[in-house]
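Trainee: One structure coming up, written as structure tokens, with questions to follow.
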Amino acid sequence: MFADCQVTLRELRTEFMSVRVRFAPSPTGQVHIGNIRAAIFNWLFARHEGGSFLLRIEDTDLERSTPEAIATLLEVMEWLGLAFDEKPPLYQTSQVQKHLAAAERLLAAGDAYRDAKGGGGEAIVFRIPFAAERIPGVSSVGTVDVPVHPEIPVQVNGKGVDYAGISKKGTPAPGGCCLAGCLDLQVLDAAEQVLFTLAGKEDAILRDGAEFSVPGAAILRFTRRVISYHDEVKGDMSKPLDSMRDVVIVRSDGSPVFHLANVVDDITQGITHIIRGDDHVENTFRHIMLFSCLGAVVPTYAHLPMIVNAAGKPYSKRDGDAFVGDFRDNGFVADALFNYLSLLGWSPGDDREKMSRQELTAAFSLSRVLHASAQMDIQKLTNLNGQYIAEMPADEFLAVSRDWLKRYPWVSAVSDSQLQAVCALMQSRVKRFADLEQWSYFFVDVPEYDEKVCVKQLKDPAVRAALQAISALFAALPDFAAAGIESAIQAACDQAGLAHGKLNQPLRAAVTGSGVGAGIYETVELLGRERSLARLKIALERY
RNA sequence: GUCUCCAUCGUCUAGUGGCCUAGGACACCGGGUUUUCAUCCCGGCAACAGGGGUUCGACUCCCCUUGGAGAUGCCA
């Protein structure tokens, strides 16, 4: 009858402690899209839960973690609206003494040892506890036999058990595991005679450094233990201890390794939920042990699927288009990128796609995060971006456009009213602000003529004659506005015996140099009489 | 080699044993609106990796195969 009332420690904690999550990037110059997606999911989760979203800068790689790289990171986060709590962020380099102290504590407790393997001095190695039952989630699953190659002696010592498995070809395949992986170990020969028994020797090995070498072994028989945890995204996860090795936590040069630094910092920051990339799943089993041995409560984990490139492979440094800054530089809107990225590996469960931050925050849950990796689709992002731009209030679009246009030399002397008119005319067809590059014909004296389009549109003598006539009509127009322009063009069509509309494209080619654009009457009005006439003349001379 | 994880249209996804002759979105193709383009509207193409089981019934549960990703002590 108490079964219903039982709550786990974790449930208690989620009940009474507020959620604290962190984004912990290493600033290495550019901010990767997969990385920032992890930040977005953390942010969404924290905001949904009413918890805190912390930033930790893992700047221990001194060569790559430059002040510029950190500035880039902060800038990108601000651009995307990923505000973090508890400023300033925690810089990992400021925590090194704490990391080292933790290593010393583990050493003192017998949960770590010094080892010179690998050269250069002694590293500190975290030992997977032989009494592994003190780690939450560890359990025995029964006795197993592992065949080993008789040619290679089985080595048993404080660092673990080394042996050679048997490959498909029958040759020795070197392997090994931590000592804790082989509880109740017995080494048997081919006739199942016991050559070595671990029972009773644990203290000698662990405390006194005893070592054993057992030749002629054929079978390792031991009690298999697994470590399990519940992943909020992936479900129940587990891994046999005999597939794990002890973990280096301090390098032989005295610097803390990621595993140690990361766990210690998570303890320092009081992190309750670790939401990070899929590539850390394997580390989680070791980190859980570190948390426990350091006397901390193990946080809740959630592992996000990766984002892969168009070839379906993980993004490498060569995939230059995967940086947040590149999207910004190509005229993507922060909200659109945020929206798109939040939909990569997650969905609200209904057909909604264009969602505001409030909607995303309200709908977000880790349990709806997908398990499989997702591929970035720039076309879909572009489409979404176009929707965001289309729905921008006119004054905002104007402001962003004005700012964006600063990068083009041809807009040096543009009046606000002219720009405003161009924006009003063009907003609906902009998908990315980089498209504004096509606007040059509104601002320069002589547009870039698209050779193919102009030749095609201006080759008909009847059309050319009609355009000449239009010039005269334009010149005579009392008021140079769209309505009058339209009538003038139609009049020219009537004179030349052409159907209405037949002159629109040739005229467009002549005054803009392009085959596409907004309505031609409005475009001509915006260009103004002087420019329109001049361009008609130039185009007819050239083509 | 071993260990861990993953697998629905080209892409992002819905789907938690019967609502699925598998839904939506992007892309693509066709048609309509429009002075071109874009927008907008209508329509079309297109997927449960393969094979076994369990079940009255499987995209959904189990197993195997194949394919992919990650890990395998001093990268993070």
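The values are calculated or read from the model by the stated rules, or taken from the named source; none is laboratory data. Just so you know, these numbers come straight off a predicted model, no measurement behind them. For neighbour counting, all protein chains shown are included, and Cβ atoms are generated from backbone atoms with ideal geometry for every residue, glycine included.
Trainee: Which of the residues that make up the stretch A:206-229 are more than 47 Å from the chain's Cα centre (by Cα), touching a residue at least 12 places away in the same chain (Cβ under 8 Å) and not in a loop (DSSP other than H, G, I, E, B)?
Mentor: A:212, A:213, A:214
Trainee: Only residues that are free of Cβ contacts under 8 Å to residues at least 40 places away in the same chain, of a type outside the set (Ser, Thr, Tyr) and surrounded by 15 or more Cβ atoms within 10 Å (Cβ to Cβ): list them for the stretch A:415-443, please.
Mentor: The initial filter retains those residues of the stretch A:415-443 that are free of Cβ contacts under 8 Å to residues at least 40 places away in the same chain, namely A:415-417, A:419-420, A:423-424, A:427-428, A:437, A:439-440, A:443.
Imposing the further condition that a residue be of a type outside the set (Ser, Thr, Tyr) reduces the set to A:416, A:419-420, A:423-424, A:427, A:437, A:439, A:443.
Selection gives A:419, A:420, A:423, A:424, A:427, A:439, A:443.
Trainee: Could I ask something else about it? What are the residue pairs meeting all of these: first residue in the stretch A:485-496, first residue more than 10 Å from residue A:521 (Cα to Cα) and in contact (Cβ under 8 Å) with a residue 24 or more places away in the chain, second residue part of a helix (DSSP H, G or I) and among the β-branched types (Val, Ile, Thr), Cβ atoms under 6 Å, and 6 or more apart or on different chains?
Mentor: Qualifying pairs under 6 Å: A:492/A:470.
Conditions (1) more than 14 Å from RNA strand B (Cβ to nearest atom); (2) part of a loop (DSSP other than H, G, I, E, B), marked per residue:
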| position | (1), (2) |
| --- | --- |
| A:444 | yes, yes |
| A:455 | yes, no |
| A:462 | yes, no |
| A:485 | no, no |
| A:506 | no, no |
| A:514 | no, yes |
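Trainee: Among the numbered conditions (1) in a strand (DSSP E or B); (2) more than 19 Å from residue A:208 (Cβ to Cβ), tell me where residue A:98 comes up short.
Mentor: Going through the list (1) in a strand (DSSP E or B); (2) more than 19 Å from residue A:208 (Cβ to Cβ), residue A:98 breaks only (1).
Trainee: Would you please name the residue that is farthest from RNA strand B (Cβ to nearest atom), looking only at residues in the stretch A:74-102 that are hydrophobic (A, V, I, L, M, F, W, C) and within 30 Å of residue A:123 (Cβ to Cβ)?
Mentor: By that ranking, first place goes to A:101.
Trainee: I've got another one for you. Which residue is nearest to residue A:245 (Cα to Cα), if the candidates are limited to the stretch A:174-190 and must be outside any strand (DSSP E or B) and touching a strand residue (DSSP E or B) at 6+ places or on another chain (Cβ under 6 Å)?
Mentor: At the first step, the residues of the stretch A:174-190 found to be outside any strand (DSSP E or B) are A:178-182, A:189-190.
Cutting the leftovers down to touching a strand residue (DSSP E or B) at 6+ places or on another chain (Cβ under 6 Å) gives us A:178-179, A:182, A:189.
Numbers: A:178: 5, A:179: 8, A:182: 11, A:189: 25 Å.
Step by step, filter the stretch A:174-190, then rank; the result is A:178.
Trainee: In the stretch A:516-536, is there at least one residue being within 13 Å of RNA strand B (Cβ to nearest atom), on the phi > 0 side of the Ramachandran plot and in contact with a Pro (Cβ under 6 Å, 6 or more places away or on another chain)?
Mentor: Of the stretch A:516-536, the ones within 13 Å of RNA strand B (Cβ to nearest atom) are A:516-526.
Right, trim to on the phi > 0 side of the Ramachandran plot and you get A:517.
Applying the additional criterion that residues be in contact with a Pro (Cβ under 6 Å, 6 or more places away or on another chain) yields none.
Within the stretch A:516-536 (the criterion being within 13 Å of RNA strand B (Cβ to nearest atom), on the phi > 0 side of the Ramachandran plot and in contact with a Pro (Cβ under 6 Å, 6 or more places away or on another chain)), the answer is no, since none of the residues qualifies.
Trainee: Looking only at the stretch A:230-245, which residues are more than 6 Å from RNA strand B (Cβ to nearest atom) and not in a strand (DSSP E or B)?
Mentor: The answer is A:232, A:233, A:241, A:242, A:244.
Trainee: While we're looking at this one, here's another question. Residue by residue through the stretch A:356-378, note down the ones that are closer than 29 Å to residue A:436 by Cβ, more than 14 Å from the chain's Cα centre (by Cα) and within 12 Å of RNA strand B (Cβ to nearest atom).
Mentor: Matches in the stretch A:356-378: A:378 only.
Trainee: Go through the stretch A:520-543 and count every residue that is in a loop (DSSP other than H, G, I, E, B) and either modelled with pLDDT of 90 or more or surrounded by 19 or more Cβ atoms within 10 Å (Cβ to Cβ) (or both).
Mentor: 0
Trainee: Further question on the same structure: If you go through the stretch A:246-263 one residue at a time, do you hit one that is within 22 Å of residue A:60 (Cβ to Cβ), more than 10 Å from RNA strand B (Cβ to nearest atom) and touching a His at 6+ places or on another chain (Cβ under 8 Å)?
Mentor: yes
Trainee: Across the stretch A:211-229, which residue is farthest from RNA strand B (Cβ to nearest atom) among those that are closer than 24 Å to residue A:186 by Cα and of a type in the set (Phe, Trp, Tyr)?
Mentor: Filtering first and then ranking leaves A:212.
Trainee: Another question about this same structure. I'd like the full set of residues that are buried (at least 19 other Cβ atoms within 10 Å of the Cβ) and touching a residue at least 40 places away in the same chain (Cβ under 8 Å), limited to the stretch A:295-305.
Mentor: A:298, A:300, A:301, A:302, A:303, A:304, A:305
Trainee: Suppose we filter A:347, A:428 for residues that are within 30 Å of residue A:38 (Cβ to Cβ) and near RNA strand B (Cβ under 9 Å from one of its atoms); which single one remains?
Mentor: From the options A:347, A:428, the qualifying one is A:347.
Trainee: Quick check, is residue A:323 away from RNA strand B (no atom under 12 Å from the Cβ), on the phi < 0 side of the Ramachandran plot and within 13 Å of the chain's Cα centre (by Cα)?
Mentor: For residue A:323, the condition - away from RNA strand B (no atom under 12 Å from the Cβ), on the phi < 0 side of the Ramachandran plot and within 13 Å of the chain's Cα centre (by Cα) - is met.
Trainee: Moving on. Does any residue of the stretch A:397-406 turn out to be in a loop (DSSP other than H, G, I, E, B) and out of contact with any Gly (no Cβ under 6 Å at 6 or more places or on another chain)?
Mentor: Looking through the stretch A:397-406, at least one residue is in a loop (DSSP other than H, G, I, E, B) and out of contact with any Gly (no Cβ under 6 Å at 6 or more places or on another chain).
One line per residue, one yes/no per condition, for (1) modelled with pLDDT under 95; (2) assigned to a helix (DSSP H, G or I):
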| position | (1), (2) |
| --- | --- |
| A:18 | yes, no |
| A:21 | no, no |
| A:25 | yes, no |
| A:35 | yes, yes |
| A:43 | no, yes |
| A:64 | yes, no |
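Trainee: Of the residues A:275, A:288, A:267, A:271, which single one is away from RNA strand B (no atom under 12 Å from the Cβ), among the β-branched types (Val, Ile, Thr) and in contact with a Lys or Arg (Cβ under 6 Å, 6 or more places away or on another chain)?
Mentor: A:271
Trainee: Considering the stretch A:338-396 alone, what residues qualify as being out of contact with any strand residue (DSSP E or B) (no Cβ under 7 Å at 6 or more places or on another chain), farther than 22 Å from residue A:431 by Cβ and either assigned to a strand (DSSP E or B) or polar (S, T, N, Q) (or both)?
Mentor: A:347, A:358, A:361, A:365, A:367
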